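**Q** Before I ask anything, let me first share the structure, which is written out below as structure tokens.
The values are calculated or read from the model by the stated rules, or taken from the named source; none is laboratory data. Please read these numbers as outputs of a predicted model, since none were measured by experiment. Every residue, glycine as well, gets a Cβ built from its backbone with ideal geometry; the counts of neighbours run over all protein chains shown.
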Ligand SMILES: [Ca+2]
């Protein structure tokens with residue numbers, strides 16, 4: 001869709017230039033336009049990403065942050081902001097320390113306020129206290145759903161990719177939000193207008209009970225019932241079989257990602273639920289067929305204890321990823337991207 005709009009705009013622009021009376025002036029403008037066309041098109045095609053993470057109790061969130069930065073280095077992706085859905089007070093500073101280590105210290109971070117799912121982490125406090133970051137001790141970290149509203153309001157329509165690798169608490173608050181200083185739209189309308197794709201690590205398919213959903217089943221139910229556009233799910237059964245992390249033994253021992261995995265499980269392999277969801281970003285336009293199959297359209301429903309059921313429905317908004325023989329490759333890809341991310345800055 002974006003590409004089609006951009007090609008029409010470029011065509012209109014060239015038509016305008018050719019109609020100009022001063023041929024010399026018109027030719028100069030045309031040359032300028034052609035010089036900057038590739039970068040303009042690339043900027044227009046950027047995936048504008050907001051990551052929502054419960055970085056705390058498991059280390060795959062830290063790995064997913066690394067994979068995302070590696071994809072940004074590769075080109076075609078931009079990080080607008082990151083949201084923390086965990087009540088762990090060290091999560092935000094730890095996330096900022098990781099972003100700083102990957103060369104992007106100024107990514108806006110929002111966090112959940114008030115009631116939140118909270119667990120003890122093996123690594124967030126250490127990373128927050130031992131690596132440079134701007135969030136340690138700060139009381140004015142924005143509330144996540146407000147930051148969502150600000151970031152979404154600033155973007156072109158139909159341009160944002162939301163990737164959730166934690167609880168759906170922040171997204172539930174976003175959908176329930178009303179007009180404010182950032183946008184006159186309510187949360188559902190704002191999401192419908194700005195979000196092009198939503199990738200959710202959550203659920204087990206076609207039926208099951210999975211952590212990100214059952215930890216805050218009420219929010220998950222609200223989001224899945226009210227989200228106004230399609231959702232792609234990377235389910236428990238996909239990331240469960242993708243073992244990564246041991247390869248980080250080849251990274252610098254001073255890097256916070258190395259340290260996070262060392263503190264978590266002494267650099268043994270760990271399941272890769274969250275990194276797998278990040279990989280969807282770069283494979284979305286290819287119908288998700290590069291590394292996995294995709295289910296037909298359907299709807300996911302959550303019950304009170306956080307179990308989910310997917311049922312096939314012709315006009316359903318919910319697809320889930322299905323393991324195929326190409327999916328076997330993704331552990332190597334994730335390890336390679338995580339390692340590459342650790343070499344972005346010197347540690
Ligand atoms: Ca997570």
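**Q** Among what's in the stretch 179-231 and is within 16 Å of the ligand (Cβ to nearest atom) and part of a loop (DSSP other than H, G, I, E, B), pick the residue that is surrounded by the most Cβ atoms within 10 Å (Cβ to Cβ).
**A** Top of the filtered list is 203.
**Q** How many residues does the stretch 44-67 hold that are in contact with a strand residue (DSSP E or B) (Cβ under 9 Å, 6 or more places away or on another chain) and more than 13 Å from the ligand (Cβ to nearest atom)?
**A** Number satisfying all stated conditions: 5.
Condition check ((1) in contact with a strand residue (DSSP E or B) (Cβ under 7 Å, 6 or more places away or on another chain); (2) modelled with pLDDT of 55 or more) across all residues:
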position	(1), (2)
13	no, no
27	no, yes
37	no, no
80	yes, yes
87	yes, yes
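**Q** So residue 252 fits all but one of (1) in contact (Cβ under 8 Å) with a residue 40 or more places away in the chain; (2) within 20 Å of the chain's Cα centre (by Cα); what number is the exception?
**A** Tallying (1) in contact (Cβ under 8 Å) with a residue 40 or more places away in the chain; (2) within 20 Å of the chain's Cα centre (by Cα), residue 252 fails exactly one: (2).
**Q** Residue by residue through the stretch 108-123, note down the ones that are crowded, with 19+ Cβ neighbours inside 10 Å and either touching a helix residue (DSSP H, G or I) at 6+ places or on another chain (Cβ under 6 Å) or over 20 Å from residue 174 (Cα atoms) (or both).
**A** Of everything in the stretch 108-123, those that are crowded, with 19+ Cβ neighbours inside 10 Å and either touching a helix residue (DSSP H, G or I) at 6+ places or on another chain (Cβ under 6 Å) or over 20 Å from residue 174 (Cα atoms) (or both) turn out to be 109, 110, 111, 112, 121, 123.
**Q** Going through the stretch 266-294 one residue at a time, which ones are at pLDDT 95 or above and either away from the ligand (no atom under 16 Å from the Cβ) or closer than 20 Å to residue 228 by Cβ (or both)? Talk me through it step by step, then tell me what you get.
**A** Our first condition is that a residue be at pLDDT 95 or above; within the stretch 266-294, this holds for 266-278.
Within the stretch 266-294, 266, 267, 268, 269 qualify.
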